[in-house]
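To start, the structure under review is shown below, and the notes come after it.
The values are calculated or read from the model by the stated rules, or taken from the named source; none is laboratory data. All values derive from a computational prediction rather than experimental measurement. We place every Cβ from the backbone using ideal geometry, glycine too, and count neighbours over all the protein chains shown. Side chains are part of the model used for accessible areas, which takes the heavy atoms of the whole protein and leaves out ligands, DNA and RNA. Shrake-Rupley method; radii C 1.70, N 1.55, O 1.52, S 1.80 Å.
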Amino acid sequence: MSTDQIILFSLFGAVFGLLLWGRFRYDIVAFTALMIAVVLGVVPSADAFSGFGHPATLVVALVLVVSAGLVRSGAVFLITRTLVDASRSLGAHIALVGAIGGVLSAFMNNVAALALLMPVDIQTARKAGRSPGLSLMPLSFATILGGMVTLIGTPPNIIIASIRQDSLGEPFGMFDFAPVGGVAAIAGLLFVALVGWRLIPAREDEKSVAEEVSQYIAELTVPEDSKLIGERLGTLEEDAEKADVAIIGLIRDGKRRYGRARGSALQAGDTLVLEATPDALDEFRAALSLAVAEADREDKLKAAGEGVEIIEVVVTDQSRLIGRTAQAVGLNWRQSTILMGISRGGKKITKQIRKTEIRAGDILLLLVPRDTGADVTQWLGALPLAERGLAVTADEKVWLAIGLFVGAVIAASVGLLYLPVALGLVVVAFVLSKIVPLSELYTHIEWPVIVLLGSMIPLGAALESSGGTELIAGWLVALTQGMPAWAVLTVLMVVTMSLSDVLNNTATTIVAAPVGIQMAQTLGVSPDPFLMAVAVAASAAFLTPIGHKNNTLILGPGGYEFGDYWRMGLPLEIIVVAVSIPAILVFWPL
């Protein structure tokens, strides 16, 4: 073993040890290891930052921005508001939401798919009167499984494709992962939906520890060109229930209608009085193409610059709003701000929102010009609530966003455009069309993941060029000496999967993929089945909450403990290996 190999193995051992310890964030660990490698001379200075310009790194960043655009455009509301229903049995709900999550995560980053569906699942659980812990783990596993199907579904697939290009001259295509990943995903989803969720440990008096979100009394207006004109108010109840919105009343000509309001035929300019969370309110508005109570003001705000954003503030006893209304203090014309809703601890509000006197302790939902939230909050003498990532869905651009994304996927799939270029064009189009505001462009990129990738890629390349991956491959080949090809692939999958359960799957892929190529070359067979084995195994991290970010995201909201994951995760990993090996041998023969 050479000096360079000893240094690199020591660095990788230290990185893996620190990642397991969890005391320091993974991007800091990886970047520190890269800097040490450069100083010790095992990574050339000229290549130190090559990972940050690597196609895999760029694609991961671009996919995150594209995913955010699909969410902001309301594209996913078209699916969730139509299909998710709290009246379904738990098994049926898990099967349906798992299928939706699996399909979405195949075409958008699987972390983004879970982040999108998790609030929907929690809301459904609340309406059904059960703990979200019964369905969040199946949803997380379903989104992980769905990401295996396409190139852009999960970072390991992107990395595998890039490593294949570097080593063999040609990357995997958009749907090259589909035959094997699809078989694993379908088998895994069937297990999760039919059996797996029953293995989640039930606890007495189990309660959700998800963050409680304030319910606001809010108003939305029927626009002049609305398709709802002439419809009875009562016909909106189904859409309201799907969005988890309560219709309280109707305001017409400045007066609230009670009693027969449900039978009233809607007219242009009618105002619906609602009780809802901010996200539910936005979903209901987007679903029915309703306007905020002062739509003309909103249009002016959007035309003035980068658009609008939603903020939440708590009224203090020193606020200029105390005992006064939003109309009286000139909130509109002084601060170009619209009062969308008031939360008053569940107490009834009987007047129009803008004519309601504000009290200390009220929580206000405000629509403000982008990047002015802090100034408006200070002017009001209020305190901001913790940021919850609220956004205004650009529902009028939903088909534009879908069309741009589908066009890019088709162009990349048939070879018209290089995938990073196709995704880059989508991002540019999203920004120019203001689907993703310019001010939010970089906020959707998970920079720790980018730093991890940019740091680990040069380290992985150095390990390969020093002969380190050849050594590891030699050890595994010696271990499997005399075994049939399927057994060799199984060993590689199990080793990779075990690493991915306790380490970041990105770091695991960067190390395991070159080892797989080296094993294939040693055996004198095609490297593609080995790369496919690594791709599936690196994504299949189901035993712990630290193996995949999706598992980490549900840990708190689901009320899980560290040891809860393996109960459903272990049989799921066994199933993934059992179905993937035959599929690899059929679709990617040695």
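On full extension of the chain, what length is gained from residue 198 through residue 238, given 0.36 nm per residue of separation minus the C-alpha to C-alpha distance? Don't skip to the answer; put the middle values down first.
Numbers: separation 40, 0.36 × 40 = 14.40 nm, distance 3.05 nm.
Length difference between fully extended and current span is 11.4 nm.
Does a label point 7 Å from the Cα of residue 478, set along Cα-to-beta-carbon, have any residues of the stretch 1-30 with amide nitrogen under 12 Å, and which are they?
1
Could you sort the peptides 192-199, 134-141 by per-residue average Cβ neighbour count (10 Å cutoff), highest mean leading? Show your work: numbers first, answer last.
Values: 192-199: 18.6, 134-141: 28.0.
Sorting 192-199, 134-141 by mean packing, highest first, produces 134-141, 192-199.
At 1.4 Å probe size, what's the solvent-accessible area of residue 26? Round to the nearest 10 Å².
Spelled out: residue 26, probe radius 1.4 Å, area about 50 Å².
If you rank 586, 63 by how much accessible surface each has, with a 1.4 Å probe, what is the order from largest down? Provide the component values of the computation, followed by the final result.
On the way: 586 105, 63 5 Å².
From most exposed to least exposed: 586, 63.
If Lys and Arg each add +1 and Asp and Glu each add -1, what is the summed charge of the other residues whose beta carbon sits under 12 Å from the beta carbon of residue 94? Could the numbers behind the result be given before it?
Working: positive: 88, 130, 198; negative: 121.
Every neighbour counted, the sum reads +2.
In whole percent, how big is the carbon plus sulfur part of the accessible area of the chain, probe 1.4 Å, protein atoms only? Let's see the in-between values first.
Details: 14680 of 24340 Å².
Result for the chain: 60 percent of the exposed heavy-atom area is carbon or sulfur.
Between residue 25 and residue 50, what is the FRET efficiency for a Förster distance of 30 Å, r being their Cβ-Cβ separation, to the nearest 0.05? Before the final figure, lay out the partial values.
Numbers: r = 22 Å, r/R0 = 0.75.
Working from the Cβ atoms, E equals 0.85.
With angles folded into 0 to 90 degrees, how steeply does helix 528-539 sit against the dominant principal axis of the chain? Use alpha carbons for both and round to 10.
Value to nearest ten degrees: 40.
Given points 7 Å out from each Cα along the Cα-Cβ axis, report the residue 525 to residue 439 separation in nanometres with one decimal.
Taking the two extended label points, one gets 5.7 nm.
Given a cut-off of under 8 Å on Cα pairs at least six residues apart, what relative contact order in percent is computed for the stretch 450-590? Write out the running numbers ahead of the final one.
Numbers: 172 pairs, mean separation 36.1, N = 141.
Relative CO of the stretch 450-590 lands at 26 percent.
Keeping all protein chains in place, calculate the accessible area per residue for the stretch 162-205 (probe 1.4 angstrom), answer in Å². Numbers along the way, then the final one.
Numbers: 2210 Å² over 44 residues.
Averaged over the residues of the stretch 162-205, the accessible area is 50 Å².
With everything on Cα atoms, drop me the angle between helix 110-128 and the longest principal axis of the chain, reported from 0 to 90° to the nearest 10.
50 degrees
What accessible area, in Å² to the nearest ten, does a 1.4 Å probe give for residue 172?
10 Å²
Taking the Cβ-Cβ separation of residue 327 and residue 431 as r and a Förster radius of 45 Å, what is the calculated FRET efficiency to the nearest 0.05?
Plugging the Cβ-Cβ distance into 1/(1 + (r/R0)^6) gives 0.80.
Compute the distance in nm between two label points, each set 7 Å from the Cα along the Cα-to-Cβ direction, one at residue 379 and one at residue 485.
7.1 nm
Convert each backbone phi in the stretch 325-330 into a coupling constant with the Karplus relation 6.51 cos²θ - 1.76 cosθ + 1.60 (shift: θ = phi - 60°), then list the ³J(HN,Hα) values in order as whole Hz, x for Gly and Pro.
Listing the rounded values in order: 9, 4, 5, 5, 7, x Hz.
With a 1.4 Å probe and every protein chain left in place, tell me how much accessible area residue 23 has, in Å² to the nearest 10.
Roughly 150 Å² of residue 23 is accessible to a 1.4 Å probe.
At R0 = 41 Å, how high is the FRET efficiency between residue 447 and residue 357 if r is their beta carbon distance? Nearest 0.05 is fine.
0.40
Just add up the charged neighbours of residue 405: K/R +1, D/E -1, any other residue whose Cβ is under 13 Å from the Cβ of residue 405. Please list the in-between numbers first.
Values: positive: 72, 397; negative: none.
Combined, the nearby Lys, Arg, Asp and Glu give +2.
Which residues does a label at residue 410 reach in the stretch 164-197, if reach means a backbone N under 20 Å from a point 7 Å past the Cα toward the Cβ?
Answer for the stretch 164-197: 173-176.
Among 489-501, 463-475, 526-538, 233-245, how do they line up by average Cβ neighbours within 10 Å per residue, starting with the highest?
Working: 489-501: 22.2, 463-475: 19.6, 526-538: 27.0, 233-245: 17.8.
Per-residue Cβ counts within 10 Å, averaged per peptide and sorted highest first, yield 526-538, 489-501, 463-475, 233-245.
Over the chain, how many pairs of lysines fall under 20 Å by alpha carbon, counting only those 8 or more apart in sequence or from different chains?
14
What nm distance separates the two modelled labels at residue 418 and residue 225, each placed 7 Å from Cα along Cα→Cβ?
Placing both labels 7 Å along Cα→Cβ, they lie 4.2 nm apart.
From the residues 364, 186, 92, which one has its Cα farthest along the dipole of the chain in the positive direction, the dipole being from +1 and -1 charges on Cβ of Lys/Arg and Asp/Glu about the Cα centre?
Projecting each Cα onto the dipole axis, the largest value belongs to 364.
Provide the gained length on full extension for the span residue 1 to residue 566, in nm with one decimal, where the gain is 0.36 nm per separating residue minus the Cα-Cα distance.
Difference between extended and current length: 199.7 nm.
When the solvent-accessible surface of protein heavy atoms is calculated with a 1.4 angstrom probe, in what order do 549, 397 fall, highest first?
On the way: 549 70, 397 45 Å².
Highest to lowest solvent-accessible surface, that is 549, 397.
Working with all protein chains in place, sort 144, 6, 322 by solvent-accessible area computed with a 1.4 Å probe, largest first. Display every interim value, and only then the final one.
Numbers: 144 0, 6 85, 322 65 Å².
Descending order: 6, 322, 144.
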